[in-house]
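Structure first, then comments.
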Amino acid sequence: MSSGSLLPSNCFATLLKCSAIWRDPTETVTTLEPGISVLIGFQERFQFRAFDQPLELILATIPGWPGADEAVFEKEGKWPLTISK
């Protein structure tokens, strides 16, 4: 997924369960666990992954997410896709 027009102040934070996020173009993989948060830059592609439990996240964007049309669902990421739009 990527955001089409949001500013670099996008912030996504994790809740409860272990997971990971991949960010492109840096090919960075960050393990997410309670207390860890990451910033996702302007038009940066990203993909979340759950390990052995369902993914549970708190997602917050500043400024607010403008609507469903803002999300750009990518066809490829670091890991196989298991959900679709």
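Select from the stretch 23-72 those GluC sites (Glu not before Pro) which occupy a DSSP coil region and have at most 13 other Cβ atoms within 10 Å, ordered by residue number. Hits after loop and neighbour filter: Glu27, Glu56. To the nearest 0.05, how large is the calculated FRET efficiency for Ile62 and Thr31 if R₀ is 25 Å and r is the Cβ-Cβ distance? Step by step, r from the Cβ atoms, then E = 0.60. Footprinting exposure proxy ranking of Asp24, Asp69, fewest other C-beta atoms within 10 angstrom first, gives Asp69, Asp24.
Both radii were evaluated on the Cα set of the stretch 34-82; the Rg over Rh quotient, with Rh as the Kirkwood radius, amounts to 0.94.
Read-outs throughout are calculated quantities, based only on the coordinates presented, and are distinct from any laboratory measurement. In this text the structure is predicted, and so the values were computed from the model without any measurement. Note: ideal-geometry Cβ built from the backbone for every residue, glycine included; neighbour counts use all protein chains shown.
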